[in-house]
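Worksheet: the structure to be examined is printed underneath.
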Amino acid sequence: MSEPITLRPIGPPPRPQPPAVTLTIDGRHVTVPAGSTILAACQASGIAIPTLCFLETLKPVNVCRLCVVEVEGARVLAPSCSRAVEAGMVVKTRSPRVVLARRVVLELLASSVDLSTAPGLAELLSEYECRPERFGAAAATVAQPVKIDNDLYVRDYSKCVLCYKCVEACGPDHQNTFAIAVAGRGFGAGIATEFDAPLPDSACVYCGNCIAVCPTGALMASREFDLRRSGEWEPSRQTTTDTICPYCGVGCTLTLHVQDGEIVKATSPLDNSITAGNLCIKGRFGWSFVSPPARSTGAE
């Protein structure tokens, strides 16, 4: 007599759930899965932590020090974006020491970098009562001419806060092109191509994924740069529409930003499972054919 057939479910085995960890944040007991960062625990509890170099699609690099928090018993402030929670940990996110650290970071940035196109930083400067003017008119700056050496995007390193996001996006986290890196030391450090070559002579493939993660507008598509320079960039007049890139079968989601009937920018949602906010050169820049220049009728 044959053995009865036993049906077994197919598919990947269920992943074991990580154990829960309970800690205290600003006097509140918070329980999150083990391995979570302090920043994730704060977000899950509705506690706002300012960030600059952090992005959920990139590995933390701990360079901006804006998200620091105070961990009871620790000698130094901890970057909440990368420090994992521990059972019994006691965290303070707005202690006088934390507020002072964030204020100094913001003041140093505002005294040396053009933050005029950095979303949200003006509000943070006000919230933390920053006075960057206290460093005086002779404070060192990173001001320099805008680099315009191609038709697709510009590099204005007067607005660069050295958050490393573009380097990570160009490198191991997304594109794996490694066209840019941090060059120099100390205040002279900056983002550069190999041997500071112009972009057309570098390894850049013009995917524009560095633009997508730049938090200050230091890297900006040429069309947006031109509209801002002429005073015509008006986000309040822009609408967005999600569509699928028509160029290949991958099916990347495009978010088209339209102003006055013209596509002025293309992005992709960070939470899209296909793109994670990334695009190729065609998706990022190849939509100008939708709004071709008016043809001459010969009647002019």
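The values are calculated or read from the model by the stated rules, or taken from the named source; none is laboratory data. If you're wondering where the values come from, they're calculated on a predicted model, not measured in any experiment. For neighbour counting, all protein chains shown are included, and Cβ atoms are generated from backbone atoms with ideal geometry for every residue, glycine included. Accessible surface areas use protein heavy atoms only, side chains included; no ligands, DNA or RNA. Shrake-Rupley method; radii C 1.70, N 1.55, O 1.52, S 1.80 Å.
If the Cβ limit is 8 Å and pairs must be 6+ apart or interchain, which residue in region 72-100 that is more than 18 Å from Ser45 (Cβ to Cβ) and touching a residue at least 60 places away in the same chain (Cβ under 8 Å) pairs with which residue that is basic (Lys, Arg) and part of a loop (DSSP other than H, G, I, E, B)?
Qualifying pairs under 8 Å: none.
Which pairs do you get when a residue that is within 12 Å of Gly190 (Cβ to Cβ), found in region 133-160, comes within reach of a residue that is part of a strand (DSSP E or B) and open to solvent by 50 Å² or more (accessible area, probe 1.4 Å), reach meaning Cβ atoms under 6 angstrom, with the pair 6+ apart or on two chains?
Once the first residue is within 12 Å of Gly190 (Cβ to Cβ) and sits in region 133-160, its partners that are part of a strand (DSSP E or B) and open to solvent by 50 Å² or more (accessible area, probe 1.4 Å) give Arg155/Lys147.
Within the set of pairs 6 or more residues apart or between chains, which connect a residue that is within 14 Å of Val161 (Cα to Cα) inside region 117-130 to a residue that is aliphatic (A, V, I, L, M) and surrounded by 12 or more Cβ atoms within 10 Å (Cβ to Cβ) with Cβ atoms less than 6 Å apart?
Sorted first by the residue in region 117-130, then by its partner, the pairs are Leu121/Leu115.
Among the listed residues Pro33, Pro9, Pro4, Pro14, identify the single one that is open to solvent by 90 Å² or more (accessible area, probe 1.4 Å) and either touching a residue at least 40 places away in the same chain (Cβ under 8 Å) or closer than 30 Å to Asn278 by Cα (or both). Walk me through how you get there before you give the answer.
Working: Pro33 fails: open to solvent by 90 Å² or more (accessible area, probe 1.4 Å); Pro9 fails: either touching a residue at least 40 places away in the same chain (Cβ under 8 Å) or closer than 30 Å to Asn278 by Cα (or both); Pro4 fails: either touching a residue at least 40 places away in the same chain (Cβ under 8 Å) or closer than 30 Å to Asn278 by Cα (or both).
Answer to the check: Pro14.
Filter region 36-59 for residues that are open to solvent by less than 60 Å² (accessible area, probe 1.4 Å), part of a loop (DSSP other than H, G, I, E, B) and not β-branched (Val, Ile, Thr); which is farthest from Leu106 (Cα to Cα)?
As a first pass, look at region 36-59 and keep what is open to solvent by less than 60 Å² (accessible area, probe 1.4 Å): 36-42, 45, 47, 49-55, 57-58.
Narrowing further to those that are part of a loop (DSSP other than H, G, I, E, B): 36, 45, 47, 49-55, 57-58.
Subsequent filtering for residues that are not β-branched (Val, Ile, Thr) retains 36, 45, 50, 52-55, 58.
Numbers: Ser36: 27, Ser45: 25, Pro50: 11, Leu52: 10, Cys53: 13, Phe54: 15, Leu55: 18, Leu58: 22 Å.
Top of the filtered list is Ser36.
Taking region 60-80, which residues are of a type in the set (Gly, Ala, Ser), part of a loop (DSSP other than H, G, I, E, B) and under 21 Å from the mean Cα position of the chain (by Cα)? Step through it out loud before you land on a result.
Within region 60-80, the subset of a type in the set (Gly, Ala, Ser) is 73-74, 78, 80.
Then drop every residue that is not part of a loop (DSSP other than H, G, I, E, B), which leaves 73-74, 80.
Ser80, the sole residue that qualifies.
Look at region 17-30 and say how many of its residues are open to solvent by 40 Å² or more (accessible area, probe 1.4 Å) and farther than 15 Å from Ser80 by Cα. Can you show your working first?
Going residue by residue through region 17-30, those that are open to solvent by 40 Å² or more (accessible area, probe 1.4 Å) are 17-20, 22, 26-29.
Cutting the leftovers down to farther than 15 Å from Ser80 by Cα gives us 17-20, 22, 27-29.
Total meeting the criteria: 8.
If you take the residues in region 60-70 that are open to solvent by 10 Å² or more (accessible area, probe 1.4 Å) and without any contact (Cβ under 8 Å) to a residue 40 or more places away in the chain, which one is nearest to Ala276 (Cα to Cα)? I'd like the intermediate steps shown before the answer.
If we filter region 60-70 for residues that are open to solvent by 10 Å² or more (accessible area, probe 1.4 Å), which is where we start, we get 60-65, 70.
From what is left, the residues that are without any contact (Cβ under 8 Å) to a residue 40 or more places away in the chain are 60, 62, 70.
Values: Pro60: 16, Asn62: 21, Glu70: 31 Å.
Among those that are open to solvent by 10 Å² or more (accessible area, probe 1.4 Å) and without any contact (Cβ under 8 Å) to a residue 40 or more places away in the chain, it is Pro60.
Residues checked against (1) over 21 Å from Leu162 (Cα atoms); (2) free of Cβ contacts under 8 Å to residues at least 24 places away in the same chain; (3) surrounded by 17 or more Cβ atoms within 10 Å (Cβ to Cβ):
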position: Leu199; (1), (2), (3): no, no, yes
position: Ser202; (1), (2), (3): no, yes, yes
position: Val205; (1), (2), (3): yes, no, no
position: Cys210; (1), (2), (3): no, no, yes
position: Asp226; (1), (2), (3): yes, yes, no
position: Thr239; (1), (2), (3): yes, yes, no
position: Thr253; (1), (2), (3): yes, yes, yes
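I'd like the residue in region 201-253 that is assigned to a helix (DSSP H, G or I) and hydroxyl-bearing (Ser, Thr, Tyr) and, out of all such residues, is farthest from Pro60 (Cα to Cα). Spell out how you get there, then give the answer.
In the first step, residues of region 201-253 are kept if they are assigned to a helix (DSSP H, G or I); the result is 201, 209-213, 222-229, 235-237.
If we keep only those that are hydroxyl-bearing (Ser, Thr, Tyr) as well, we get 222, 236.
Numbers: Ser222: 29, Ser236: 32 Å.
The qualifying residue farthest from Pro60 (Cα to Cα) is Ser236.
For region 263-288, enumerate the residues that are within 17 Å of Met220 (Cβ to Cβ) and surrounded by fewer than 16 Cβ atoms within 10 Å (Cβ to Cβ).
Answer for region 263-288, where residues must be within 17 Å of Met220 (Cβ to Cβ) and surrounded by fewer than 16 Cβ atoms within 10 Å (Cβ to Cβ): Ile281, Ser288.
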